[in-house]
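The values are calculated or read from the model by the stated rules, or taken from the named source; none is laboratory data. These numbers were taken from a predicted model, which means no experiment stands behind them. All Cβ positions, glycine included, derive from the backbone under ideal geometry; neighbour counts span all protein chains shown.
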C-alpha cells in the first residue's frame, strides 16, 4: 500500500491516508452507489477514515473520479421518468419508508456518527432523529404543496401553474451534520419532489453516508434515484457541479467553497447554505442568566461546528461583567471527552484544518490584547489532539478574526456596546448573514433589531442555532452566507420549477 498524501489534511474535509489498493480487514470498506449497484469505482484508491475522537481506524471509502460522476449522472437521468411517474402520494409514502428505516437503525447509526464525526452520543442520537424527520416532513408537506390559477385579461384563456422537478440534483454535503443535514435539506425533499440525486458527501464522514445509503436502498429507494460517490471534493464535487447533465446544485459548507461552486456552476439553479458568524445581541434589559445559558448552549453544541453557532456576542456594557462570569461558569461545566462515554457533553473538532483555524484566530486575539477568560487551546490528556477547550474571550476589537470570520469551534468572543446604534454597527462588521439572536424583554426592540440585522433568521431570547426543519432559513442578500432557503415547503419549492400552462378555451 503506497501512501499518496500525508495524514495532515490538505483541505477542510480530508483526514486520513489514501492507498492505492483495496484494503481488507481494516474496518468497513465502503463503496459507491451508482444506478443501484455497489462498486469500488474506477480509481482503485481508497481514503482511510480515522476517528477524530480516538484515532482508531474506522474504515475506508473509495476515492471517486470524474468518470464515476459521469456514470452516476447517467444513472440519475435514467431514473427521472420513473420517479415522476410514481406520482406525489407514492413518493410521499416511500419517504415515510425511508424515515422508518432510519429510525429502526438508530442504535447502529448514532455510535458510528459519534466516532466518525466526534459529537457526543446524545447529539448523534438527536441527529439520527432529525434525519428521519427530514424524510417524514417532506412526505407530509409535498402532498399539500398547492399552486394556483392565475387571472388573465383574455376571457377566453385559462392559466394555471404547477410544479415539476428540476431533474438531476447534484448534492454536496459537509462533515458537521453528515446524516441529519443531507436528509433534511436535500435527500428527503429531492425524493418527495421527484428529483434524482448524485450525492457527494464530505470525505471525512463518508462512512455514515455509505451506511445511510445502504438503509435507503434497503427501504425501497428506486435504482438511480440516489447515487453516492465518495472522494475529494476538488475532483468529484467539481465534476458534479460542472457536469452538463446535472440540472441544479445543492451545497452546504464553507463560503469559499460555495463561491467556487457558484462560479463553476454558473447558469444552474443553486441552493447554497454557506458560512455564518451571526451576532448574538444582549440588550441592557435582557435576562442575563437566560442569555448566558443559551449563548453557552449555542457556542459549545457540536463543539461549535454549526453554521449558525453562537460565534460572537455583543453585550451591553452594563451587563458585561455579570454575563462573562456566568458564561465562564457554564464553560467550566462542559465535559470534554470521548463522545461515547456517559457524561461527555462536548467531543473533539472533526479535523486538523478546523483545529488550526481555531488556533490562528486565538493567536490573532491575543496579539490584539484580548483576554482569555476560559480555555483557549488544546485540551490535555485525551486520545487525540483535536479536542479544543471551551473558550471565552473578552476585550476584542472589531477587526479581530474572531469577530469578522467564522471560527467554527467552541469559542465565545464577547464585545461590548453602549447603545443600540453601536450594537448594529458592530453586528455589521462581519460579512456573514445566516443567523442572529437578540436577548431583550422588549417586544418593540425585538422587532426593531430583527428588521435591521442582516440575517436570514433572528431568534429572540434563544440561541442563534435554534431551528426546526420546517422553518425557512438561509443567508441574507448581500452577505456571504448563501442563496435560497432551506426548511419545509421552502426547500421543496427550491427543488422544483414552477411551470405555467395557458389554455385557450374558445378553440
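Considering 507, 503, which residue is farther than 20 Å from residue 284 by Cβ, more than 18 Å from the chain's Cα centre (by Cα) and modelled with pLDDT of 95 or more? I'd like the intermediate steps shown before the answer.
On the way: 507 fails: modelled with pLDDT of 95 or more.
Checking each option against the conditions leaves just 503.
May I ask you to verify whether residue 264 is at pLDDT 95 or above and farther than 30 Å from residue 246 by Cβ?
Details: at pLDDT 95 or above: yes; farther than 30 Å from residue 246 by Cβ: no.
Answer is no for this residue.
Which condition does residue 238 not pass, out of (1) crowded, with 22+ Cβ neighbours inside 10 Å; (2) over 30 Å from residue 393 (Cβ atoms); (3) within 19 Å of the chain's Cα centre (by Cα), if it passes all the others?
Residue 238 satisfies every listed condition except (1).
Just for the stretch 214-233: of the residues that are over 18 Å from residue 203 (Cβ atoms) and not in a helix (DSSP H, G or I), which one is nearest to the chain's Cα centre (by Cα)?
Residue satisfying both the conditions and the ranking: 226.
Hey, residue 55 hits all of (1) exposed (fewer than 15 other Cβ atoms within 10 Å of the Cβ); (2) assigned to a strand (DSSP E or B) but one; which does it fall short on?
So residue 55 meets the others, but not (2).
If only one of 182, 244 is in contact with a helix residue (DSSP H, G or I) (Cβ under 9 Å, 6 or more places away or on another chain), in a loop (DSSP other than H, G, I, E, B) and free of Cβ contacts under 8 Å to residues at least 60 places away in the same chain, which one is it? Spell out how you get there, then give the answer.
Numbers: 182 fails: in a loop (DSSP other than H, G, I, E, B).
Going through 182, 244 in turn, the sole match is 244.
Any chance the stretch 462-472 includes a residue that's over 18 Å from the mean Cα position of the chain (by Cα), more than 30 Å from residue 153 (Cα to Cα) and touching a residue at least 12 places away in the same chain (Cβ under 8 Å)?
First, the residues of the stretch 462-472 that are over 18 Å from the mean Cα position of the chain (by Cα): 462.
Now restrict to residues that are more than 30 Å from residue 153 (Cα to Cα): 462.
Subsequent filtering for residues that are touching a residue at least 12 places away in the same chain (Cβ under 8 Å) retains 462.
Yes, the stretch 462-472 contains at least one residue that is over 18 Å from the mean Cα position of the chain (by Cα), more than 30 Å from residue 153 (Cα to Cα) and touching a residue at least 12 places away in the same chain (Cβ under 8 Å).
Take the stretch 106-131 and flag every residue that is closer than 15 Å to residue 187 by Cβ and in contact (Cβ under 8 Å) with a residue 60 or more places away in the chain. Spell out how you get there, then give the answer.
The initial filter retains those residues of the stretch 106-131 that are closer than 15 Å to residue 187 by Cβ, namely 109, 127-128, 130-131.
Passing the criteria: 109, 130, 131.
Output yes when any residue across the stretch 75-94 is modelled with pLDDT of 95 or more, surrounded by 23 or more Cβ atoms within 10 Å (Cβ to Cβ), more than 19 Å from residue 166 (Cα to Cα) and outside the structural domain of residue 344 (by TED's automatic domain parsing), and no when none is.
no
Do we find that residue 455 is in a strand (DSSP E or B) and either in the same structural domain as residue 149 (by TED's automatic domain parsing) or buried (at least 21 other Cβ atoms within 10 Å of the Cβ) (or both) in this structure? Write out each step before concluding.
Details: in a strand (DSSP E or B): no; either in the same structural domain as residue 149 (by TED's automatic domain parsing) or buried (at least 21 other Cβ atoms within 10 Å of the Cβ) (or both): yes.
No.
Here is a yes/no grid of residues against (1) assigned to a loop (DSSP other than H, G, I, E, B); (2) surrounded by fewer than 18 Cβ atoms within 10 Å (Cβ to Cβ); (3) assigned by TED's automatic domain parsing to the domain that holds residue 295:
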residue: 407; (1), (2), (3): yes, no, yes
residue: 416; (1), (2), (3): no, no, yes
residue: 436; (1), (2), (3): no, no, yes
residue: 447; (1), (2), (3): no, yes, yes
residue: 463; (1), (2), (3): yes, no, yes
residue: 479; (1), (2), (3): yes, no, no
residue: 498; (1), (2), (3): no, yes, no
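When you scan the stretch 144-167, do you find a residue that is under 29 Å from residue 85 (Cβ atoms) and part of a helix (DSSP H, G or I), even just one?
Taking the stretch 144-167 and keeping what is under 29 Å from residue 85 (Cβ atoms), we get 144-150, 158-167.
Next cut, part of a helix (DSSP H, G or I) only: none.
No, there is no match, as no residue in the stretch 144-167 is under 29 Å from residue 85 (Cβ atoms) and part of a helix (DSSP H, G or I).
Quickly run through the stretch 327-352 and pick out the residues that are crowded, with 18+ Cβ neighbours inside 10 Å and either in a helix (DSSP H, G or I) or outside the structural domain of residue 420 (by TED's automatic domain parsing) (or both).
Result: 327, 328, 330, 331, 352.
Checking the conditions here, which among 220, 265 is touching a helix residue (DSSP H, G or I) at 6+ places or on another chain (Cβ under 6 Å) and surrounded by fewer than 19 Cβ atoms within 10 Å (Cβ to Cβ)?
Numbers: 265 fails: surrounded by fewer than 19 Cβ atoms within 10 Å (Cβ to Cβ).
After ruling out the rest, the residue left standing is 220.
Regarding residue 369, is this residue surrounded by fewer than 17 Cβ atoms within 10 Å (Cβ to Cβ), modelled with pLDDT of 95 or more and not in a helix (DSSP H, G or I)? Full working, then the answer.
Values: surrounded by fewer than 17 Cβ atoms within 10 Å (Cβ to Cβ): yes; modelled with pLDDT of 95 or more: yes; not in a helix (DSSP H, G or I): yes.
Answer is yes for this residue.
Restricting the search to the stretch 391-405, which residues are part of a helix (DSSP H, G or I) and closer than 15 Å to residue 315 by Cβ? Walk me through it before giving the result.
Pass one, the stretch 391-405, residues part of a helix (DSSP H, G or I): 401-404.
Result: 402, 403.
Return the residues of the stretch 297-318 that are touching a strand residue (DSSP E or B) at 6+ places or on another chain (Cβ under 7 Å) and either in a loop (DSSP other than H, G, I, E, B) or surrounded by fewer than 21 Cβ atoms within 10 Å (Cβ to Cβ) (or both); say none if nothing qualifies.
307, 308, 310, 317
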